[in-house]
Amino acid sequence: MKKISLLGATGSIGRQTIDILLANPNDFQLVAFSSGKNIEKTREIITQLSPEIVSVQDEGDALQLSKEFPNVHFTFGTKGLVEVATHPQSTVLVNAVLGSVGLESTLAAIRMSKTIAIANKETLVTAGHLVMAEAKKYGSAILPVDSEHSALYQSMNGENPKSIERLILTASGGSFRDKTRAELEGVTVKDALNHPNWSMGAKITIDSATMMNKGLEVIEAHVLFDMPYDKIDVLLHRESIIHSLVEYHDTSVIAQLGTPDMRVPIQYALTYPDRLPLVGGQRLNLAQIGKLHFQEVDFDRFRALKLAYDAGRTGGTMLTAMNAANEAAVALFLQEKITFLQIEECIERVMDAHDNILLPDLQTILHVDSETRKTVQNMVK
Ligand code: NDP
Ligand code: MG
């Protein structure tokens, strides 16, 4: 029986994690979780899985819930995320919170040598060097939940990392993959939220439409697998059946395939190195699919991807600035305060003006993150 702490339980990845825990009650026990503002869903999860600690975003909600569930310990805010992540009994932290707010709690869990199943890619982008150094120091395993990185991880099982030639991340292209840059003028939030292959949270769906999601994933792959950027490629693959590929020195290419279902990589991170049957999983029928398509990416068309490679190669606080600018700009787009193309513009302006600091410590990262968010807010004013 694995005891689990879960950050972001009410989100898209969080809910699918809960589904896996409910389907396998003899394998997993949820001891602590966090949510944000969705209190209705929070109540439902408490009733289903009886955790000991629950953290919400606001103090008022924590007080209200304490009255309703006197046997549960409620907490809130960033310190609440840390409390959930460091529950003394959990051995695995599933981090499915959205954005760089997940950083401090991840580091705290690593310092307790917990296994980290990480969906929260912004944490790896903004502070990858700190996370991986602490993980090494405390012997904490970092297991990817992102489907591409899970595919890469699975395609490296038993292989010598030295024989890897390159990593190839597949990209569906998101909701606007068939539009030219000119056609992106005037697209709406509703259009952008309509992803062809995956049903995900709003922020990552917009990131998929700008391709910043793939950019964050290139950085995530660099951090997790210690590969130089020149050896990480992106390949457009509209069907999202091949989740990513690893090419070896001898020209062999190993990939992981499957119908698009995030429960597969979530469950794999929870059961690694074993596998469990996936309740309600849909088997891949390649004969029925018939054809798979591949295409080179155009960095002029997907400018955000180019920006992410640039930030990755620069390193340091440039990564934090780029990530925070993107988080702030996407939030503004979702509130209909800026246009779709202005997301890239905000990121580019922040990066052009950024004074880079290499190998930043945690305080520096948190400072750059909050200052960048203010800068983006001011651009709109
Ligand atoms: P969602 O927006 O669906 O969920 C985010 C979760 O985080 C919710 O539980 C939300 O709470 C909580 N949350 C948001 N902001 C805060 C905050 N400031 N403080 C505390 N809690 C907060 O996101 P996704 O599940 O789509 O994505 C989560 C992470 O996983 C992201 O990093 C994303 O890039 C990554 N990921 C997601 C995939 C997907 O299929 N969705 C695929 C691969 C990676 P509430 O809703 O209660 O307000
Ligand atoms: Mg992904």
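Data overview
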| quantity | calculated |
| --- | --- |
| Cβ-Cβ under 7 Å pairs, at least 6 apart or on other chains, region 137-151 side hydroxyl-bearing (Ser, Thr, Tyr), far side within 16 Å of ligand 2 (Cβ to nearest atom) and in a helix (DSSP H, G or I) | 147/265; 150/265; 150/268; 150/269 |
| Qualifying positions in region 225-250 - among the basic types (Lys, Arg) and buried (at least 16 other Cβ atoms within 10 Å of the Cβ) | 238 |
| Residue match in region 144-152 (condition: part of a helix (DSSP H, G or I), away from ligand 1 (no atom under 11 Å from the Cβ) and either farther than 22 Å from residue 206 by Cβ or modelled with pLDDT under 95 (or both)) | yes |
| Any hit, region 19-33, residues being acidic (Asp, Glu), free of Cβ contacts under 8 Å to residues at least 60 places away in the same chain and more than 16 Å from ligand 2 (Cβ to nearest atom) | no |
| Selection within region 154-201 - outside any strand (DSSP E or B), over 30 Å from residue 342 (Cβ atoms) and under 21 Å from the mean Cα position of the chain (by Cα) | 154, 155, 156 |
| Unique residue being among the small types (Gly, Ala, Ser), within 14 Å of ligand 2 (Cβ to nearest atom), modelled with pLDDT of 95 or more and buried (at least 16 other Cβ atoms within 10 Å of the Cβ) when the list is 221, 202 | 221 |
| Spans of helices (runs of 4 or more DSSP H) in region 248-314 with at least 1 residues in contact with an Asp or Glu (Cβ under 9 Å, 6 or more places away or on another chain) and over 23 Å from residue 120 (Cβ atoms) | 286-289, 303-314 |
| Test: residue in region 158-173 that is surrounded by fewer than 21 Cβ atoms within 10 Å (Cβ to Cβ), of a type in the set (Val, Ile, Thr) and touching a helix residue (DSSP H, G or I) at 6+ places or on another chain (Cβ under 8 Å) | yes |
| Matching residues in region 44-60 - criterion: being buried (at least 19 other Cβ atoms within 10 Å of the Cβ), in a helix (DSSP H, G or I) and within 14 Å of ligand 1 (Cβ to nearest atom) | 45, 46 |
| Residue match in region 232-239 (condition: more than 13 Å from ligand 1 (Cβ to nearest atom), without any contact (Cβ under 8 Å) to a residue 40 or more places away in the chain, farther than 25 Å from residue 334 by Cα and outside any helix (DSSP H, G or I)) | no |
| The lone exception for residue 128 - which of (1) over 21 Å from residue 14 (Cβ atoms); (2) part of a helix (DSSP H, G or I); (3) within 13 Å of ligand 2 (Cβ to nearest atom) it fails | (3) |
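A quick yes/no check of all residues on (1) in contact (Cβ under 8 Å) with a residue 40 or more places away in the chain; (2) more than 25 Å from residue 373 (Cβ to Cβ); (3) out of contact with any helix residue (DSSP H, G or I) (no Cβ under 6 Å at 6 or more places or on another chain):
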| residue | (1), (2), (3) |
| --- | --- |
| 46 | no, yes, yes |
| 51 | no, yes, yes |
| 58 | no, no, yes |
| 62 | no, no, yes |
| 66 | no, yes, yes |
| 69 | no, yes, no |
| 87 | yes, yes, yes |
| 105 | yes, no, no |
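The values are calculated or read from the model by the stated rules, or taken from the named source; none is laboratory data. Quick caveat, the model's predicted, so the values are computed rather than measured. Quick reminder, even Gly has a Cβ in these numbers, built from the backbone with ideal geometry, and neighbours come from all protein chains shown.
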